[in-house]
Amino acid sequence: MDTEKLLDVKDLQVNFKTYGGEVEAVRGVTFDLHKGETLAIVGESGSGKSVACKTIMRIMASNGYIKHGSIMFGDRDIAKVPEREMEAIRGKDIAMIFQDPMTSLNPTMTIGKQISEGIIRHQGLNKEDAKKRAIELIDLVGITFPEKRYKQYPHQFSGGMRQRIIIAIALACNPKILIADEPTTALDVTIQAQILELIKDLQKKTGVAVIFITHDLGVVANMADRVAVMYAGKIIEIGDSEDIFYDPRHPYTCGLLNSMPTLEIGDNELSSIPGTPPDLMNPPKGDAFALRNSQPLKIDSLVEPPMFKISDTHYAATWLLHPMAPKVEMKRNIVRKKGVAAHE
């Protein structure tokens, strides 16, 4: 991994105004991203991971706003730049792959035109050169007969091929950062593996840094350099891939690992996390995970835990890491790098 820091998010808070009140969707998120790195952001639906990343792109819903915090991209705080300046960054320097390729593509435009659009706009190439670049990209993402495919429409492509085209569009302007928002959710398992392998391969070829958003830890086990676990709008654990998969310290991270099906788990052993995430219109006092924790401490319902340092790369926000905390045994699954898990 390169040491050059591309992105530095500090204490990001994002709220949404609704008829019932304000939803505190992202509550003080801090992380950074380095050149060539893959950072996975994982958590259940509603944990704030997609909102945090859409905020980086400045494409959150119209009722959302940045209440506090900074998003440093180089020497610019893109949380505060005017929309006109953001338009020059979006797509060119920071690109995004969305969940559903069918809704991301325009059904009335050819695939070639949709890829060429961004190239002409951000790179200033003429139509002929943009077409050549688009055909190269179609080939790069592993689609055969690129010249023929250039002239076709989205409905003539399978789901996996459409997602490859979305990746081609995202890579069209050689971005420094690629945000992948659950890019394999709508695909079957075989195609999912192909898309993940494609992103890994393209990263090696282009050096792009990737933020990979997912609710499934297993999806990123073989591709993430670092993992940030989000719950109730906060990052509650962050560390190198090995830290999270081999030495998880937050009860929620352990719960996510334990809820993953593996070859070594018997018919009756698959566990789930009880309850549901809290209402972020009225966030709970103390540790937001306390009500779902099977072994909560008394302090969990009273005071929010700080981020405790476990190592230079590994941090977690749980009172279990306080020197005076009682020793609590947490049963957890360890995800092996080749997708096999074992009980500890």
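The values are calculated or read from the model by the stated rules, or taken from the named source; none is laboratory data. Computed from a predicted structure; not experimentally measured. Ideal geometry is used to build each Cβ from the backbone, glycine not excepted, and the neighbour counts take in all protein chains shown. The area values use the complete protein model at the heavy-atom level, side chains included, leaving out ligands, DNA and RNA. Shrake-Rupley method; radii C 1.70, N 1.55, O 1.52, S 1.80 Å.
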*Which entries in K234/K309; K35/K92; K67/K298; K80/K131 show an alpha-carbon gap greater than 24 Å?*
K67/K298; K80/K131
*Helix-only mean residue ellipticity at 222 nm for the chain, each DSSP H run of n ≥ 4 adding -39500 (n - 2.57), per residue, nearest 500*: -8500 deg cm²/dmol
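So, with a 1.4 angstrom probe, what is the percent of accessible area on the range 202-246 that is carbon and sulfur?
Summing carbon and sulfur atoms, their accessible area is 45 percent of the total for the range 202-246.
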*From the list (1) 68, 47, 41; (2) 68, 45, 38; (3) 60, 41, 38, can you say which value of Cα extents along the principal axes in Å was derived from the structure given?*
(1)
*Non-local amide H neighbours of M230 (under 5 Å, H modeled in plane, Pro and chain starts lacking H): which ones?*
V42, G43, I236
*For the range 98-103, in order, what is each residue's ³J(HN,Hα) by Karplus, 6.51 cos²θ - 1.76 cosθ + 1.60 with θ = phi - 60°, in whole Hz (x at glycine and Pro)?*
9, 4, 10, x, 5, 7
_Label point distance in nm, D77-S62, each placed 7 Å from Cα along Cα→Cβ_ = 2.7 nm
*Straight-distance crosslink candidates among aspartates and glutamates, where the alpha carbon sits under 17 Å from K17 and sequence neighbours closer than 8 are dropped*: D279
*Which of T110, T184 is most accessible, then next, and so on - probe 1.4 Å*: T110, T184
_Need one value: the accessible area of T38 in square angstrom, 1.4 angstrom probe, rounded to the nearest 10._
0 Å²
*Extension gain from A88 to S272, taking 0.36 nm per residue of separation minus the Cα-Cα distance*: 61.9 nm
_How charged is the neighbourhood of G239? Take every other residue with its Cβ under 9 Å from the Cβ of G239, and add Lys/Arg as +1 and Asp/Glu as -1._
-3
*Got the relative contact order for the range 29-182 handy, in percent, Cα pairs under 8 Å and 6 or more residues apart?*
28 percent
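Relative to the present Cα-Cα distance, how much length would full extension add between K132 and M330 at 0.36 nm per residue of separation?
65.7 nm
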*asked:* With a 1.4 Å probe and all protein chains kept in place, how much accessible area does K151 have, in Å² rounded to the nearest 10?
replied: 140 Å²
*Where does each of Y150, Y231, Y19 land when they are ordered by accessible area, with a 1.4 Å probe and the largest first?*
Y19, Y150, Y231
*For the range 1-142, what Kirkwood radius comes out of the mean inverse Cα-Cα distance, in Å?*
17.3 Å
*Accessible carbon and sulfur surface of the range 67-116 relative to its total accessible area, %, 1.4 Å*: 53 percent
*asked:* Rolling a 1.4 Å sphere over the protein heavy atoms, what is the accessible area per residue of the chain, to the nearest Å²?
replied: 48 Å²
